[in-house]
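Any read-out appearing in this document is the output of simple, stated calculations on the displayed coordinates, not a laboratory observation. Only a predicted model underlies this, so the values are computations on that prediction, with no experimental measurement involved. So basically every Cβ, Gly included, is an ideal-geometry build from the backbone, and we count neighbours across all protein chains shown.
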Amino acid sequence: MDMLPWIVVGLIAGFLLGFVPMWVRSRQSSRRLSEAMDQSDLARTQNALALAQVEQRLNLARMQNTLASAAIDARRGDYELARQAASSFFTSLRAEANKGDDSSLSQAQKALVEPAFAPRDEIISLLARSDPVSTERLSDLYVSFREMLLEQRPIISQADGRGEASGEESVS
């Protein structure tokens, strides 16, 4: 009977000798899994940010493409398609400028784009009347918009300088 406590102690020691290494491995595996999940979350976040940037650039490129399409259609004499594309451009530009923090436009670009809305009604009217002056106005607006996107220069309002003179010539 004196041996029973030693046998119990031996069994407990044997159990602990088997349990401790497994417990250590389990903790190490758990730590590695946690680190891997953290890295995965970081990668997912970075991918989401990159995707958002690509979507913003794509949105700006679509607007630029729509404006270019309007200018080309007007140059070809297809004023109705040009009017629709120009209207779509102004609508999407206004929506983008009003989005707030989710906008594809930076705050500086939003300020620079405001002058583009001044000639909106005039350009749409010129296109509706199939006036060839609209071709020049759309081309100027396209160049200004592209420069604003690339170099953050303000978009030239058609009321500046030659814009009004050209408008008076088209009335006669």
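Of the residues in segment 110-150, how many are touching a Phe, Trp or Tyr at 6+ places or on another chain (Cβ under 6 Å) and part of a loop (DSSP other than H, G, I, E, B)?
1
Name the residue that is nearest to M148 (Cα to Cα), counting only residues in segment 70-114 that are surrounded by fewer than 20 Cβ atoms within 10 Å (Cβ to Cβ) and of a type in the set (S, T, Y).
Result: S106.
Considering each of R44, R27 in turn, give the residue that is under 21 Å from the mean Cα position of the chain (by Cα) and basic (K, R).
Residue meeting the stated conditions: R44.
So which residues in segment 115-136 are within 21 Å of R62 (Cβ to Cβ) and either β-branched (V, I, T) or surrounded by fewer than 16 Cβ atoms within 10 Å (Cβ to Cβ) (or both)?
Within segment 115-136, F117, I123, I124 qualify.
May I ask you to list pairs of residues, at least six apart or on different chains, whose Cβ atoms are under 7 Å apart, with the first in segment 65-89 being farther than 17 Å from E122 by Cα and the second being aromatic (F, W, Y) and crowded, with 17+ Cβ neighbours inside 10 Å?
Here the result reads T66/F89; A68/Y142, each pair linking segment 65-89 to a residue that is aromatic (F, W, Y) and crowded, with 17+ Cβ neighbours inside 10 Å.
Would a scan of segment 45-64 turn up a residue that is surrounded by 11 or more Cβ atoms within 10 Å (Cβ to Cβ), out of contact with any strand residue (DSSP E or B) (no Cβ under 7 Å at 6 or more places or on another chain), among the hydroxyl-bearing types (S, T, Y) and assigned to a helix (DSSP H, G or I)?
No - not one qualifying residue is present in segment 45-64.
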